[in-house]
Every structure is written in structure tokens, then in C-alpha cells.
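Please treat every number below as a calculation from the coordinates, not as lab data. What you see is a predicted model, and the numbers here were worked out from it, not measured in a lab. In this analysis, Cβ positions are derived from the backbone assuming ideal geometry, glycine residues included, and neighbour counts consider all displayed protein chains.
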Amino acid sequence: GTRLANFFHDTPNTAYFLGGDIQADVVWNPLKALADAMEAADPTHIKTYHPQWYSYTATANEAWLDFNSYQYNDNTGSMLYDLTASGYGLTPTRPIFCIEPPYDPQTAMNAVQTTPLINRQNNWGSALAGALGISYGGPRSIWFIGENGDTLPIADINRPAASQTVVIGKIMSSLNWQLLAPNNNIVTSGLGSGRDRATSELASDGSLMVVYVPSARSITLDLKKLSGSATA
């Protein structure tokens with residue numbers, strides 16, 4: 001840990017993702033030793049933990065941890081909205097980052113494939129539950145780039161999930177996103193549940209609300225939460 005931290009100490013735009021897709025309690029002693037040594041030698045670079053699935057609470061209280069991270073590479077069970085919301089509410093308060101959403105189109109669990117609609121539902125649900133960010137996660141063939149001298153087919157990095165993730169980033173960055181925080185009291189009817197939930201955020205100054213509605217239906221919003229007139 002000391003050697004790594006000293007090597008990258010003066011390298012800008014560097015973040016450390018410790019763990020490598022395994023639960024922290026499985027490798028706790030070497031993990032803690034590694035993280036503490038890196039923090040002592042290089043406290044300026046940000047550090048997080050790459051847990052297996054959603055077991056991100058194991059490291060939540062560590063002093064070296066700058067933000068919580070989780071992965072959930074499956075389209076069944078817990079939704080990305082639920083996992084992000086849980087991480088957003090952890091104490092001590094730190095950002096939560098969805099580092100590995102379900103791959104496009106084949107997930108790690110090979111159960112329900114990721115359609116473009118499911119991808120939008122996953123990523124908007126995570127974004128509007130307060131995520132620090134979202135990574136584009138697939139397809140699985142990307143794992144094996146260069147293994148046998150192969151190159152990546154350009155179609156793999158032009159999958160719908162890639163372009164849709166870019167669109168989410170463009171939309172959010174066009175707004176005063178730094179004022180937004182999750183708000184569960186905006187949608188007063190037509191909320192839905194699970195992946196069909198209408199997710200929402202409200203600006204701290206009441207200037208803006210952002211709502212993603214994942215299926216065609218009528219919803220009702222509480223516009224009194226805005227500080228002025230509304231343009232939809």
C-alpha cells in the first residue's frame with residue numbers, strides 16, 4: 001500500500017478503488033492494512049471500495065473512505081434506486097457511486113437481459129436517488145479486450161446503454177445539478193414502485209425539480225415546493 005501510494009502520489013486525476021469485487025469482511029485484515037497504509041502515504045487522492053454486489057456498508061465507517069460504491073449486475077431483486085437511496089442515507093454522510101450497473105445486454109447473472117428501457121429505468125433511478133455518478137457497464141466481452149490479441153468490436157462500445165448514459169450526463173449537467181437532492185414528496189399520485197417508480201429530485205432553492213417517469217401514465221406533482229412559477 002505504501003509503495004503504490006508513493007508511486008501515484010503526484011499523479012493527478014487518480015482515484016483508488018480497493019477490493020476488486022469481493023466482500024470486505026472476506027479479506028478484512030489485508031484490506032484494512034492496505035487501505036490504512038495508502039491513506040498514510042497519500043491522503044490527498046480519493047479512495048473507495050469495490051464491493052461484491054451491494055455489500056458496501058462494511059467499509060462505510062472507515063476514515064480512509066471518501067465515497068461509498070456499489071455494484072448490482074442483475075435486473076432482478078433490488079433495484080438500483082433502492083440501493084442508491086440506502087447508500088445516500090448512510091452515516092457518516094458520503095457520496096454514493098453506482099460503479100457497475102447491469103451490463104448491456106447480458107448481465108453477470110445471465111437472468112433478465114438489459115433492454116434499453118430497463119437501462120434507462122436503472123440509471124435514472126440511481127441518478128435521481130442521489131448517486132455521485134453512474135458507470136457504463138458492458139457488454140461482458142469488454143472484459144476480454146486483448147486477451148488473445150483481440151481488439152474490441154466498435155459495436156460493443158456503441159451499445160444503447162453507452163449512449164443513454166451519455167444522455168443522462170448531458171441532461172443533468174445542463175441543469176443546476178449541484179442544488180439537487182432526492183425528494184420523495186414531489187410526486188403525489190402515479191408514483192409507482194420498483195423499477196416503475198417515478199424518481200425525483202428538488203433543488204435546495206426551490207428553483208427546479210427533476211422527475212423521471214419510467215412508463216407512460218399520468219402523474220401529479222406538488223408545485224408548491226417550487227419557489228416561483230413553473231415551466232414544464
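Remark: the stretch 33-47, residue by residue, has Karplus-estimated 3J(HN,Hα) of 5, 4, 5, 5, 5, 5, 5, 5, 7, 8, x, 8, 7, 6, 9 Hz, where x stands for each Gly or Pro and the curve is 6.51 cos²θ - 1.76 cosθ + 1.60 at θ = phi - 60°.
Assigning unit charges at the beta carbon (Lys, Arg +1; Asp, Glu -1) and nothing else, what dipole magnitude in debye, to the nearest 20, does the stretch 12-109 show about its Cα centre? Don't jump to the answer; show the numbers that get you there.
Values: 3 positive and 11 negative charges, 27 e Å.
With Lys and Arg at +1 and Asp and Glu at -1, about 120 debye.
DSSP bridge analysis restricted to the chain gives an antiparallel fraction near 45%, rounded to the nearest 5. Using the Cα centre of the chain as origin and beta-carbon charges of +1 (Lys, Arg) and -1 (Asp, Glu), tell me which of Gly20, Gly77, Gly190 is placed farthest towards the positive end of the dipole. Result: Gly190. Amide H contacts of Ser69: Tyr49, Phe97, each under 5 Å away and 5 or more positions distant or on a separate chain (H built 1.01 Å from N in the peptide plane; Pro and chain starts excluded).
Here the chain is treated as an ellipsoid with the same Cα gyration tensor; its semi-axes, largest first and in whole Å, are 32, 23, 17. Residue pairs exceeding 30 angstrom between C-alpha atoms, taken from Lys47/Lys225; Lys170/Lys224; Lys47/Lys224: Lys47/Lys225; Lys47/Lys224.
With each run of n ≥ 4 DSSP H residues scored as -39500 (n - 2.57), what mean residue ellipticity at 222 nm is computed for the chain after dividing by its residue count and rounding to the nearest 500 deg cm²/dmol? Before the final figure, lay out each step's value.
Working: 5 runs with 56 residues, N = 232.
Computed mean residue ellipticity for the chain: -7500 deg cm²/dmol.
Comparing Leu90, Ala230, Ala161 along the charge dipole axis of the chain, the residue lying farthest to the positive side is Ala230, per the Cβ-charge model.
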